[in-house]
Amino acid sequence: MDQSALGKTPRSNPAVYIGAFDDIRELFGQTDAAKQRGLNASAFSFNSSQGQCERCRGAGFEKIEMQFLSDVFIRCPDCDGRRYRPHILEVKIRSRRRESARSVVVRSQRRLTSAATKQEWSIADLLEATVDEVIEFLAAFPSSRPARSAGEKLKLLQEVGLGYLRLGQPINTLSGGESQRLKLVSHLAEAEVAQPSHLPVARHPHRATETDQTRRGTDAAQSSRRDAGATSAAAGEPTIFLFDEPTTGLHFDDVRLLLKVFQRLVDAGHSVLVIEHNLDVIKCADWVIDLGPEAGDEGGQIVAEGTPEEIVACERSHTGTALLDVLGIGSSSSAPIRIRGEANREARDGRKEETLP
Ligand SMILES: [Zn+2]
């Protein structure tokens, strides 16, 4: 699993990717307003011809191909970027947490999107709001199964530091670190669904189509989730995740968040195998296999293996020397990540020595 883009399609978004949008569509399909209009959950998909804007086909924008420049996207003039036809946008869910929402604004003065300050939300308002805002909105419906299910999935995004993403943000605009965490969260979301004790959902709504290989999926996100191997995790089977230098190019804060997701995967019963030079990652491992002793042709041997503390105890191991400062004396692997000049120097030296053949 790497940081590569989740797909070139601008039609998928974080909510679709982790499966929360299915629940949100169901929530809208259950409203009286939807029932009166004869609309079910599928009408609230921007991929469905039932409700999507006819001009932009539910994308919310139009692509203009430039001859010598990259494509330009402009807001769809018919739906004004809202993706849906008016009869879909008329179906709104009243936020019952008006008071608390206002008090939050007063208390923290945080910036809310225009959707979050509205009292009635259409499905387009939800797509424009951030993950944090939608979690708060959904919390007002504790007795609704789809609202609870969507909230649980979105909380996973919040936990890995993606609460600022808008639900409708095209996934091809995410950074490498964001893409990587979103892929991991999709596995966690599937795993949580597979645990009936955690969520009262017996089956994921997409499971039937995902296993049916003969049916050609029309939803791009479904196929990209299949690519990510979500099916095996959804079955509740322990999965081994392989990563080749997952921290490459990541900001320090992103490394910390990535480690949190690794821990969640392990807590869910999966195994994580990482090829890595980053000492902050190595020190968190349960078991380290140190390859060396030198780089390239001079290496390829197992120098030491064991817990990070046991690697430190091996005098031949360059990794052990570098880990010594990062671990400190008497600290455990759960110690917070520290930045120290000396440790960073060691880390650089360690990296140079550690290049795998
Ligand atoms: Zn449109």
Could we say that ALA5 is within 14 Å of PRO170 (Cβ to Cβ), surrounded by fewer than 16 Cβ atoms within 10 Å (Cβ to Cβ) and away from the ligand (no atom under 15 Å from the Cβ) here?
yes
So LYS260 passes all but one of these: (1) surrounded by 18 or more Cβ atoms within 10 Å (Cβ to Cβ); (2) modelled with pLDDT under 90. Which condition number does it fail?
(1)
Of the residues GLN30, GLN36, which single one is over 24 Å from HIS187 (Cβ atoms), out of contact with any helix residue (DSSP H, G or I) (no Cβ under 8 Å at 6 or more places or on another chain) and away from the ligand (no atom under 15 Å from the Cβ)?
GLN36
Taking the range 8-39 and keeping residues under 30 Å from LEU273 (Cβ atoms) and open to solvent by 60 Å² or more (accessible area, probe 1.4 Å) leaves LYS8
Just need a number here: residues in the range 40-54 that are within 8 Å of the ligand (Cβ to nearest atom) and open to solvent by 20 Å² or more (accessible area, probe 1.4 Å).
1
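Quick check, is LYS92 within 16 Å of the ligand (Cβ to nearest atom), basic (Lys, Arg) and modelled with pLDDT of 85 or more?
no
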Candidates SER175, SER149, SER186, SER179 - the one that is buried (at least 24 other Cβ atoms within 10 Å of the Cβ), within 25 Å of GLY60 (Cα to Cα) and not hydrophobic (A, V, I, L, M, F, W, C):
SER186
Go through the residues of the range 293-311 one by one and say whether even a single one is in contact with a strand residue (DSSP E or B) (Cβ under 6 Å, 6 or more places away or on another chain), at pLDDT below 90 and either open to solvent by less than 30 Å² (accessible area, probe 1.4 Å) or in a helix (DSSP H, G or I) (or both).
yes
Loosely packed, with under 15 Cβ neighbours inside 10 Å, more than 24 Å from GLU190 (Cβ to Cβ) and over 16 Å from the mean Cα position of the chain (by Cα): which single residue out of GLY249, GLY269 fits that description?
GLY249
Just for the range 55-82: of the residues that are within 15 Å of PRO170 (Cα to Cα) and of a type in the set (A, V, I, L, M), which one is nearest to the ligand (Cβ to nearest atom)?
ALA59
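The values are calculated or read from the model by the stated rules, or taken from the named source; none is laboratory data. Note that this is a predicted model, so its numbers are computed, not measured. So basically every Cβ, Gly included, is an ideal-geometry build from the backbone, and we count neighbours across all protein chains shown. Ligands, DNA and RNA are excluded from the accessible area calculation, which covers all protein heavy atoms including side chains. Shrake-Rupley method; radii C 1.70, N 1.55, O 1.52, S 1.80 Å.
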